Amino acid sequence: MADTIRAGILGTGFMGQQHGKRLAAMDRVRVAAICDTRPEGATALKESLKCDAVLYEDFDRMIAGTALDVLYVCLPPFAHDGQVEKAAAKGIHVFLEKPIALTAAQAERMVAAIEKAGVVSQVGFHMRFRKGVQRLKQLLDSGQAGKPTLFDGRYWCNMLGGAWWRDIKGSGGQIYEQVIHVYDLASYFLGAPVTAAGFMGNLCHGGMKDYTIEDTSVGSVLFGTGAMASIAASNCALPDHFAGDWRVVCEKAILEYRSTGDWRIKDESTVYTHGPDGMKREDIVEDGDPYGEEDAEFVQAVRSGGKTRTPARHGLDAIRLVSAVIASAKAGGKPVALKGQKPSPRGPRRP
């Protein structure tokens, strides 16, 4: 690989812009190509980055016409159509915005192509890079936190998004496209899920003909260890506020992540630990840049041949989990076993 990493960006919406800005600011990284079916979007991104990227409207022409080391795939769920598989086959490392596909079957094909090619991948679950999350994960990995037992999360907002977002065939729904972040965090802390159940409905947007997704949902997840999670979501809350937060209870530690819902005001976390020496409290201001951290980790892994925190298979796992919650909701809340996992016939072990 050349000393300077040549990056391509596929999709110039909000996330394409966020990653492009951070890539353009990195040492020895060059945004070499930008692709969008809307030429005005590609032009606007190139101008904002002040880069010399070649612009394309066709993905196949981009990977044929410009030598790339990494590709940022920032497409809405419905727009995935073999681009990842083609990039991986050419040895291009891939960063994938979530959800990585519109269906689990499609995600499985993408993951198979990535793993067969042996390229580095990272999924944009940026909440894993929050300071409080990283602190609790350190305590879990070291054994200081003891067993993880319970996760309680929410994602509340009020938005209409683009036409594709409020169309079930375009986004897969709010659980699938947004709340998947919180479900991913539950798995990050608690391990492999085995059973999921859920309820969902459209309580506030029934009068909109083109709004075909849910706006209210609750989900419950049982993990292989016996740990449990509950996650609530709403698209009937405050306009322009995106409140995603959670609580995690472990044997010897608790994480409280508090979202302001307002990007102008920093979120905060508190980590409590308790043991023979009593209780300790650690207050954290969430003033980091999780998008920048996930991009930096990905680029470093490409340079070193190392691993990322969230390889593509984790994106597939998250899709399987939220798909099980959605399937349960469609079946009136009947629990659904996850693919490849066996639910415990007796449930969690009693003390």
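Values quoted throughout were computed directly from the atomic coordinates according to the rules given, and no laboratory measurement underlies them. Everything quoted here is computed from the prediction, not taken from an experiment. Glycine also receives a Cβ, built like all others from the backbone with ideal geometry; neighbour counts cover every protein chain displayed.
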- Item | Highest-fluctuation residue, 204, 250, 74 considered, GNM on the chain with Cα pairs under 10 Å | 204
- Message: Averaging the inverse of every distinct alpha carbon separation and then flipping it gives the Kirkwood radius. What is it for the stretch 217-351, in angstrom units?
- Response: 18.5 Å
- Message: I want to verify a result. In a Gaussian network model of the chain, Cα cutoff 10 Å, which of these has the top mean-square fluctuation: 17, 178, 300?
- Response: 300
- Task: Step through the table entries 21/307; 50/116; 21/86; 266/330; 46/116, compare each Cα-Cα distance with 27 Å, and write down the pairs that go over it.
- Result: 50/116; 266/330; 46/116
- Message: Which of 287, 295 has the fewest other C-beta atoms within 10 Å, and how do the rest follow up to the most?
- Response: 287, 295
- Message: Tell me which cysteines of the chain come out unpaired when the rule is another cysteine's Cβ under 4.7 Å.
- Response: 35, 51, 74, 157, 250
- Starting at the first residue of the stretch 226-240, write each ³J(HN,Hα) from the Karplus equation 6.51 cos²θ - 1.76 cosθ + 1.60 with θ = phi - 60°, in whole Hz, x for Gly and Pro. x, 5, 9, 9, 10, 9, 10, 9, 8, 10, 10, 8, 7, x, 6
- Using only Cα atoms, what Kirkwood radius does the stretch 76-172 have, in angstroms? 16.2 Å
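For 123, 271, 54, which order do you get if you count the other beta carbons within 10 Å of each Cβ and list the fewest first?
The fewest-first ordering by Cβ neighbours comes to 54, 271, 123.
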- Query: Could you state the number of Å between the C-alpha centres of the stretch 33-70 and the stretch 113-133?
  - Reply: 23 Å
- Connecting every pair of Cα atoms under 10 Å apart in the chain and solving the GNM, the largest mean-square fluctuation among 276, 311, 99 falls on 276
- Message: Suppose only helical runs count, i.e. DSSP H with n ≥ 4. What mean residue ellipticity at 222 nm does that imply for the chain under -39500 (n - 2.57) per run, divided by all residues and rounded to the nearest 500 deg cm²/dmol?
- Response: -9500 deg cm²/dmol
- Among 4, 225, 12, what is the fewest-to-most ranking by other Cβ atoms within 10 Å? 4, 225, 12
- Note on the structure: Cα-based Rg then Dmax for the stretch 106-259, in Å, read 16.9, 52
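If R₀ is 35 angstrom, what is the calculated FRET efficiency for the pair residue 57 and residue 192, using the beta carbon separation as r and rounding to 0.05? Present the calculation step by step, with values, prior to reporting the outcome.
Working: r = 41 Å, r/R0 = 1.18.
Approximately 0.25, to the nearest 0.05.
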- Computed E for residue 280/residue 304 - FRET, C-beta separation, R0 45 angstrom, nearest 0.05: 0.80
- Note on the structure: antiparallel share of DSSP beta bridges within the chain, to nearest 5, in %, is 60 percent
- Message: List the trypsin sites (Lys or Arg not before Pro) within the stretch 47-119 that DSSP assigns to loop and that have no more than 15 neighbouring Cβ atoms inside 10 Å.
- Response: 50, 90
- Matching label, P(r) over Cα pairs in 20 Å bins from 0, in percent computed from the structure shown, candidates [x] 16, 31, 30, 15, 6, 2, 0; [y] 29, 59, 12, 0; [z] 29, 51, 19, 1: [y]
- Note on the structure: Toy charge model, Lys and Arg Cβ at +1, Asp and Glu Cβ at -1: the stretch 5-123 dipole around Cα centroid in debye, rounded to 20, equals 300 debye
